[in-house]
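**Q** Before I ask anything, here is the structure I am working with.
The values are calculated or read from the model by the stated rules, or taken from the named source; none is laboratory data. No experiment lies behind these values; they were computed from the predicted model shown. Cβ placement follows ideal geometry from the backbone for every residue including glycine, while neighbour counts extend to all protein chains displayed. Only protein heavy atoms, including side chains, enter the accessible area calculation; ligands, DNA and RNA are left aside. Shrake-Rupley method; radii C 1.70, N 1.55, O 1.52, S 1.80 Å.
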Amino acid sequence: MSNWLRSLRLRLQVWHALILMLVIVGFGLVLYRQMVRARWADIDGQLLAAGRILEGALRAVPRAVLDSLAKDIGAPRRPLPPPPPRPRDGGQPLPPRGEPSDRGRPGGGFFPPGPRPLEWERVPEDAPQRGDWERLLALPRSLPETLARGEDEPAYFIIWRRDGSILRQVNSPLKNRERPAPSDLPPGRPPLSSRQQGPYHEVFLRGPEDSLICVGRSVRREQARFMHLALQLTLAGAVIFAGGLLGGWWLSVRAIAPIKRMSETAAKINATNLSQRMDLSGVDLELEQLGVVLNTMLERLDSAFAAQQRFTADASHELRTPLAVMLSTIELGLAKPRTPEEYRDQLFKCQRAAVRMRGLIDSLLTLARVDHTPAQLLREVVRLDAVAEECIDALEPLAQERQVRLTTRLDAVAVAGDAGQLGQVVTNLVANAIEYSHPQGEVTIELRAVAGSAELAVTDTGIGIPEPALPHLFERFFRVDAARSRSRGGSGLGLAICHRIVTAHGGTVEAKSTVGRGSTFTVRLPAVSPEATSQATAPA
Amino acid sequence: MRLLVVEDEGDLLDSIAQFLRESGYAVDTALDGKEGWIKATSWDYDALVLDWMLPGLDGIELLRRLRETKKTPVILLTARDAVDDRIHGLDRGADDYLVKPFSLSELAARIRALIRRAAGQADSTLQLGSITIDLAAKSVSDAGVTIPLTAREYALVELLALNRGKLVTRSMIYDHIFDEEDDSLSNLVEVHVSHIRKKLGREFIETRRGQGYILNE
């Protein structure tokens with residue numbers, strides 16, 4: 001299970017799906033909301049227009065009516081008592097009881113004399129609206145239907161007086177509604193506020209004399225349409241989502257493919273097959289970088305392995321040769337009875353070969369030691385001049401034997417490192433110089449401090465080194481003149497060992513030479529102050 | 001039979017050369033590739049013992065050049081024993097390959113085989129009438145009785161026998177029985193031939209006046 005979670009492709013897919021879903025859902029919601037709001041605004045506008053017509057009509061009503069609107073506060077409604085008969089009129093029929101009359105009652109009572117106020121009563125909801133109201137609140141008959149086009153019910157309106165009683169209501173689905181308190185009204189800039197009341201959408205306006213106008217309409221059909229829209233959006237979203245998933249899956253396959261190819265190539269690589277390289281044709285930039293790094297690493301590994309194989313082959317070759325000499329000489333000696341002189345001669349040959357093998361094995365061991373223990377390099381403060389002097393003294397007999405003069409000029413210089421190994425370097429270089437010098441030649445050893453470095457120069461007046469050989473001098477088993485050095489017991493490792501030791505000490509060694517005149521080997525090492533305390537690193 | 005040994009290890013060269021001489025071969029030596037090349041192209045050796053790593057001219061290169069003109073059997077000596085190296089050497093024209101350190105006896109046996117094969121001789125023993133020549137043991141017997149021959153005499157018998165039915169000129173005999181080190185006075189071919197006739201019978205070697213000798217089948 002955890003393997004699944006670690007799959008890059010799977011995680012990519014999941015994240016991609018989530019983000020895609022979020023985006024689609026978000027987009028769909030926003031779209032839906034915007035459409036719904038636009039439609040409500042539209043409907044609001046229409047309702048508001050109707051409301052304003054009503055409001056205008058109310059305002060256009062004669063003053064007296066308006067006043068009566070204002071005065072209509074909490075007064076219980078009751079039927080008006082019939083006016084007393086007026087004897088002077090004699091015999092005029094009185095309006096029947098309960099009927100509104102536009103003939104004002106003469107005399108006292110509530111109303112002051114003056115223009116006759118209209119009197120009315122709370123209108124029963126199913127009482128036919130007649131006369132003045134029809135005229136006063138002249139609304140096009142068809143308006144309710146027009147307002148609620150597309151719906152099953154017509155639009156409705158309600159007008160409340162200041163006291164909460166209903167002045168008029170038309171088509172109201174809920175009869176005799178209470179006038180909503182101001183706090184119950186939906187928020188919104190007066191005079192308009194709108195709200196959804198169940199399947200109805202209403203608009204409220206404040207009318208004259210603190211009356212409240214409500215115009216509303218059914219939005220059932222609209223709501224059904226919105227539902228439908230939502231469904232369509234969801235479906236479309238799902239389809240897009242599915243498409244996006246597929247596309248994402250395809251993309252991720254394409255992106256991962258080169259990675260898979262690379263890991264397949266890498267799997268084919270093992271120690272015996274380092275020649276494989278990553279195929280970088282047509283690969284994306286980021287992956288190409290990785291591929292290049294891998295290929296470089298493979299290249300280095302390959303050449304490191306090849307170098308090691310070469311070294312092993314060379315080392316075994318070098319060891320086998322003196323061994324062959326010994327075995328052949330012994331076999332020859334034992335083939336038949338020989339004279340003592342012949343035996344002696346053969347024994348000498350064996351000895352020479354054995355000495356050569358010993359030298360070679362010593363060199364190989366030194367090389368192995370220097371190779372494997374750079375971390376454990378002793379870091380003492382070493383007086384290089386003292387070390388050099390000691391080594392040179394030890395080589396005096398050899399120099400005398402070869403009739404070579406040794407000249408030294410040693411300044412007091414200190415370096416940090418391993419005294420034994422540094423001594424080996426000096427011995428190697430000086431012994432070489434002596435070996436390759438002509439008789440009556442001169443070998444000069446100079447040690448100076450130059451700009452923070454210790455510089456050791458060994459110069460000989462010998463046969464010199466040809467130009468093409470110079471870059472290879474410090475390679476293992478490299479010999480400029482194979483026959484000559486081998487007869488001297490040289491293994492071809494001396495300079496390689498010097499190079500290794502010097503490099504491990506953080507220095508450089510180089511050779512300059514003129515054929516026939518001589519050569520100079522220069523070693524540079526970072527110098528330290530002789531008074532510095534020595535620190536030996538603990539073995540890792 | 002005359003051999004050329006090219007090897008840059010002086011002590012090893014001495015041992016090989018001495019052993020082969022003591023085995024009855026005439027042996028020329030060379031310490032580097034150039035000298036080896038000069039000698040190899042100057043004489044018709046019966047076999048060549050060649051070291052791979054040589055100063056001057058590389059053993060493999062010498063072999064390649066030699067194969068352009070000569071079919072001398074060559075056995076390659078080297079300290080490199082990797083299979084690839086062996087394949088490389090053999091493909092370059094070597095007939096055999098010996099890895100150092102090797103046994104001198106084995107070297108001698110392989111040289112014998114090479115020479116035998118070059119002469120078209122499959123077997124180690126040659127039968128000529130009642131005379132049996134054992135090429136491996138380097139001995140000759142007549143009707144089962146071993147006939148003692150000197151090294152030179154045996155070499156001459158072997159040379160004639162391997163070329164039986166063909167005329168062997170005197171110069172050929174000189175070239176194949178004696179090496180550069182020979183300075184003995186007892187190198188007159190006639191002397192050796194008469195000694196052989198004494199031991200193996202007059203009819204053994206036929207003389208063609210003014211031309212050479214022939215050993216009839």
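**Q** Tell me, what is the FRET efficiency for B:Ala118 and A:Asp345 to the nearest 0.05, using R0 = 25 angstrom and their Cβ-Cβ distance as r?
**A** Plugging the Cβ-Cβ distance into 1/(1 + (r/R0)^6) gives 0.15.
**Q** Starting from the residue with the highest accessible area, list A:His201, A:His499 in decreasing order, probe 1.4 Å. Walk me through the numbers before you get to the answer.
**A** Numbers: A:His201 10, A:His499 75 Å².
Per-residue accessible area, sorted high to low, gives A:His499, A:His201.
**Q** Bin width 5 Å, alpha-carbon pairs only: give the P(r) of chain B as whole percents, running from 0 to the bin holding the largest distance.
**A** Pair shares across the bins are 1, 7, 15, 19, 19, 15, 11, 7, 5, 2, 0.
**Q** Taking every residue in A:339-346, how many Cβ atoms of other protein chains lie within 10 Å of its Cβ, on average?
**A** Whole-number average of other-chain Cβ neighbours for A:339-346 is 1.
**Q** What distance in nm lies between label points placed 7 Å from Cα along the C-beta direction at B:Arg197 and A:Arg52?
**A** Inter-label distance under the simple model: 15.6 nm.
**Q** OK, next. With an 8 Å Cα cut-off and a minimum separation of 6 or more residues, compute the relative contact order for segment A:353-443 in percent.
**A** The value is 36 percent.
**Q** Ordering B:Val27, A:Val387 from largest to smallest accessible area (1.4 angstrom probe), what's the sequence? Could you put the intermediate results ahead of the total?
**A** Working: B:Val27 0, A:Val387 20 Å².
So, going from the largest accessible area down, we get A:Val387, B:Val27.
**Q** Largest first and in whole Å, what are the equivalent-ellipsoid semi-axes of segment A:284-355 based on the Cα gyration tensor, each being the root of 5 times an eigenvalue? Don't skip to the end; give the middle numbers.
**A** Numbers: eigenvalues 596, 15, 3 Å².
Equivalent ellipsoid semi-axes, largest first: 55, 9, 4 Å.
**Q** Further, regarding this structure: May I ask you to derive the relative contact order of segment B:1-120, considering only C-alpha pairs under 8 Å and at least 6 residues apart, and to give it as an integer percent? Provide the component values of the computation, followed by the final result.
**A** On the way: 187 pairs, mean separation 27.4, N = 120.
Once normalised by length, the contact order is 23 percent.
**Q** Which FRET efficiency value, to the nearest 0.05, is calculated for A:Arg379 and A:Thr407 with the Förster distance at 35 angstrom and r the Cβ-Cβ distance?
**A** Step by step, r from the Cβ atoms, then E = 0.65.
**Q** Okay, next question. Let me know the mean shielding of A:330-336 by other chains, meaning the per-residue number of their Cβ atoms within 10 Å of its Cβ. Please report the intermediate quantities before stating the final value.
**A** Values: counts 2, 9, 8, 1, 0, 6, 1.
For peptide A:330-336, the averaged partner shielding equals 4.
**Q** For the Cα atoms of chain B, what angle does the longest principal axis make with the long axis of helix B:104-118, in degrees from 0 to 90, nearest 10?
**A** 70 degrees
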